[in-house]
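*Asks:* My structure is below; once you've seen it, I'll send some questions.
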Amino acid sequence: MNSLIIIREKHYSWLRGLGSADHPAMVTICNKPILEYMVDFIVLVGGKKIRLVFEEPDGSVEAYFGNGERWGVEIEYGNAQADDTIARVVEKNSSFGEQAPLIVIDGLLFIHYDKNARYEINPEGPGTGFLYNSESGSISYSTADAAERSTLVEFTPNLQISTPRKIVNLFRITMQVLREEQHRYVIPGYGADKGVILGRNVEIGKEVKIHGPVVVGSNVRLLGSAVIGPNVVIGNNVIVDDGAEVRESLVMADTYIGRRLYISAKMVAGSKVVSVSNNASIEVSDEFLLSPLKRSLPINIVRYLFNVCGAFLLALLQLIPFCIFFTLGWLKGDLRFNKSRFLLSSDGQTKIFRTPSGFRTGAIDRIIRSLSLDRFALLKEVFAGKLQLVGNRLIPDTAEGREFVKDFSGYSPGIFNYTEADRLDPGAAESEIAERFYSANRGFLTESKSLMKALMNNLLYNT
Amino acid sequence: MKIRIDEMNGIRTLALAGRFDASATGGFKDTFKGLLQEGAANYVVDLQKVDYIDSGGLGSLVSALRQTRSIDGDIRISGLSGKVRSVFELTRLHRIFEIFDDELQAVKSYRTN
Amino acid sequence: MRILELSFIPTLDNAQWATIAVRQIVETLMKTVKVAGIEGMDKFLSEIELATGEACVNSVKHGPEQGIDKIQVSVVFKEKYSNFIVTVSDGNKRYDFSDREPDFDALPESGYGIYIMRNLMDKVSYQREKGRNLVIMEKEIKQGEE
């Protein structure tokens, strides 16, 4: 038996932006994509091939399901237009529907099946060929003889079907699964205590209390004396800070819950809180209270070590001279600094840094520059991950700067930059070329060389 | 790239084979221009045997589509393989063209339209 | 780190041959590193092939009709980082390598090239150096994914 699952993204556009699911089909219920439950169900009733039909694919579903090997089924992919009828979609996927009975699931539906039960499709009895039919979607069945789409049926035993048409539906379905139906599905994670399921890499503070039923995702940190549950689902990549209490709620992926925040009967995603009783939602702007968590990008370990060790070494070497000369310079009134806002990355993050304003007054100032002590204060930014040790020239946060950086996808500013390493004029074309070139050809040796060159240049050309 | 022209149920079909790249667009455009001059407005282009398509190939398909649409016709696509389908999705052309598994169904679809 | 270079006289046909050659080169080099299963490799190669094809065709199209300045393509393979860098350089006038997404709804007939390159490769950058345009594309083999 084969199955066509028609994913009508249009009807679920509100699901985007709720948590980390980019595609509506990947929105999770107890940390498992709703589409995966559907795939599991088809496998359970004997499906051998599944074709997922999209109106608006974005590659993430295909990346997750691949060819279906993991689920013991063959998965294929196809396309449909937004207003295609089921008949039209079957027509477009004709080579798939022939020669085997076909179940067509139209829409994203949550089927309350039990993995331990056996379901049969009853081929006797009156019917329209629809096992389920509502304005939110339908499940229909036809035998191998494609013309006979009106054969009947029912699933025995009978099945409850829910549709996540609104936020409250999603919440209700999650709670139902959590409270009453956990045993019926394969839910990702490890169950130690009754009703509590934890994902991989979950950090639980010593005084954290968890009252089941609770499902926790992967890469989650529960800190201090946080209280979780009962009836809580926490998505992947979430931090619940000390003293916070979460009850009867759904916390979507990539969220930070601040200290002592009390959340009850809510859906939380990033900085957005939705009340399930009245559908009201608010956007919290205080990021210490509630905020989205950026997913950590894969770090190039060598680069990271180079930055951290190099910064540490440099800090050690510079510490004493820094203290001596800065104090002297300050006493003499020789020091001048500018505080400006600079761009940190091509997606617009900025930070205010103090930079020397370019006055060469006095011997102290010159010494500070030649020993690169003026960069000392910036070294801490390397540990914070905001700057590289060696990288692109820091671009100021002006309209022009932003334009430039938007165009420069590899932009990664450093305390020392390639332009000064090669003694180029920051305004000239050669500087832009060098910056892009080194940026595209990063490596341990080239970066070390650039660092040495920058330090040497400061030493030689400032005294 | 090879182009095989046929007719099914009164609809002109073009079965393409090989690489539909920038160097093949000239041939496709000429062929299509000739077909348009014969007056037909509805076509099916089968890409089953196309193993590579780039922006040049896509552009010429879009160009052909515009020409048929301007005379109230259409071009329907059949036989997209994984690779070709990915490029279609990347450039959002799956929303512009009606896509079918096989040539015959695409031809039939003009009747039930 | 291995570097292989090839150059060709700008014609659309030659651009296709060069693209196919780059795919072969990348495939051969990939076999020297432990890589993802067959399914992942084919997709990876196809994406590099298509992006390289777009860059080469762009260079041919933006050049003079009977251009004699050869187009140079280089493939740099960094084993340690499972990283490929393909650069395509031509002697044409400086061109506008803007990031604008094509207006899909307007059914444009051209302009998909750069958009395709940026979406299939991890990093795409453009430089102008010594009178030549340089398009640099990078793609990393992500190991351990199915």
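The values are calculated or read from the model by the stated rules, or taken from the named source; none is laboratory data. Source: prediction; values computed, not measured. As a convention, Cβ positions derive from the backbone with ideal geometry for all residues, glycine included, and neighbour counts pool all protein chains shown.
*Asks:* Looking only at the range B:8-18, how many residues end up being within 16 Å of B:Asp102 (Cβ to Cβ) and assigned to a strand (DSSP E or B)?
*Replies:* Number satisfying all stated conditions: 7.
*Asks:* Taking the range A:261-296 as the region of interest, how many residues are hydrophobic (A, V, I, L, M, F, W, C) and assigned to a strand (DSSP E or B)? Step through it out loud before you land on a result.
*Replies:* Narrowing the range A:261-296 to residues hydrophobic (A, V, I, L, M, F, W, C): A:261, A:263, A:265, A:267-269, A:273-274, A:276, A:280, A:282, A:284, A:288-290, A:293.
Retained after the next criterion (residues that are assigned to a strand (DSSP E or B)): A:263, A:267-269, A:273-274, A:282, A:290.
So the answer is 8.
*Asks:* Just checking, how many residues over the range C:8-31 are loosely packed, with under 14 Cβ neighbours inside 10 Å and under 15 Å from the mean Cα position of the chain (by Cα)?
*Replies:* Number of matching residues: 1.
*Asks:* Being in a strand (DSSP E or B), within 10 Å of the chain's Cα centre (by Cα) and free of Cβ contacts under 8 Å to residues at least 40 places away in the same chain is the filter here, so list the residues in the range B:39-66 that pass it. If you could, list the steps in order and put the result at the bottom.
*Replies:* As a first pass, look at the range B:39-66 and keep what is in a strand (DSSP E or B): B:42-53.
Cutting the leftovers down to within 10 Å of the chain's Cα centre (by Cα) gives us B:43-47.
The answer is B:Tyr43, B:Val45, B:Leu47.
*Asks:* So which of C:Leu4, C:Leu50 ends up being touching a Phe, Trp or Tyr at 6+ places or on another chain (Cβ under 9 Å) and either among the acidic types (Asp, Glu) or surrounded by fewer than 17 Cβ atoms within 10 Å (Cβ to Cβ) (or both)?
*Replies:* Numbers: C:Leu50 fails: either among the acidic types (Asp, Glu) or surrounded by fewer than 17 Cβ atoms within 10 Å (Cβ to Cβ) (or both).
Result: C:Leu4 is the single residue among C:Leu4, C:Leu50 that is touching a Phe, Trp or Tyr at 6+ places or on another chain (Cβ under 9 Å) and either among the acidic types (Asp, Glu) or surrounded by fewer than 17 Cβ atoms within 10 Å (Cβ to Cβ) (or both).
*Asks:* Of all the residues that make up the range A:324-356, how many are more than 18 Å from A:Leu389 (Cβ to Cβ), of a type outside the set (Lys, Arg), surrounded by 12 or more Cβ atoms within 10 Å (Cβ to Cβ) and modelled with pLDDT under 70?
*Replies:* The qualifying residues number 4.
*Asks:* Let me ask something else about it. Can you say whether B:Ser70 is within 14 Å of chain C (Cβ to nearest Cβ), over 14 Å from the mean Cα position of the chain (by Cα) and either crowded, with 18+ Cβ neighbours inside 10 Å or over 28 Å from C:Glu47 (Cα atoms) (or both), as far as the supplied structure shows? Reasoning before the result, please.
*Replies:* Numbers: within 14 Å of chain C (Cβ to nearest Cβ): yes; over 14 Å from the mean Cα position of the chain (by Cα): yes; either crowded, with 18+ Cβ neighbours inside 10 Å or over 28 Å from C:Glu47 (Cα atoms) (or both): yes.
So B:Ser70 fits the description; yes.
*Asks:* If you don't mind, there's one more thing I want to ask. Could you list, in sequence order, all residues of the range A:53-74 that are hydrophobic (A, V, I, L, M, F, W, C) and within 12 Å of chain B (Cβ to nearest Cβ)?
*Replies:* A:Val53, A:Phe54, A:Val61, A:Ala63
*Asks:* Please work out which residue is surrounded by the fewest Cβ atoms within 10 Å (Cβ to Cβ), limiting yourself to the range A:37-76 and to residues that are in a helix (DSSP H, G or I) and within 19 Å of the chain's Cα centre (by Cα).
*Replies:* In this case the residue turns out to be A:Ala63.
*Asks:* For B:Ile99, state whether it is in a strand (DSSP E or B), within 24 Å of B:Ser55 (Cα to Cα), within 9 Å of chain A (Cβ to nearest Cβ) and not aromatic (Phe, Trp, Tyr).
*Replies:* yes
*Asks:* Mind listing just one residue for me: the one in the range B:75-95 that is in a loop (DSSP other than H, G, I, E, B) and either of a type in the set (Ser, Thr, Tyr) or farther than 14 Å from A:Pro57 by Cβ (or both) and, of those, nearest to the other protein chains (Cβ to nearest Cβ)? Working first, answer last.
*Replies:* Residues of the range B:75-95 in a loop (DSSP other than H, G, I, E, B): B:79-81, B:91-95.
From what is left, the residues that are either of a type in the set (Ser, Thr, Tyr) or farther than 14 Å from A:Pro57 by Cβ (or both) are B:79, B:81, B:91.
Working: B:Gly79: 9, B:Ser81: 11, B:Thr91: 5 Å.
In this case the residue turns out to be B:Thr91.
*Asks:* Over 20 Å from A:Leu52 (Cα atoms), modelled with pLDDT of 90 or more and surrounded by fewer than 22 Cβ atoms within 10 Å (Cβ to Cβ): which single residue out of B:Ala41, B:Ala64 fits that description? Working first, answer last.
*Replies:* Values: B:Ala64 fails: surrounded by fewer than 22 Cβ atoms within 10 Å (Cβ to Cβ).
From the options B:Ala41, B:Ala64, the qualifying one is B:Ala41.
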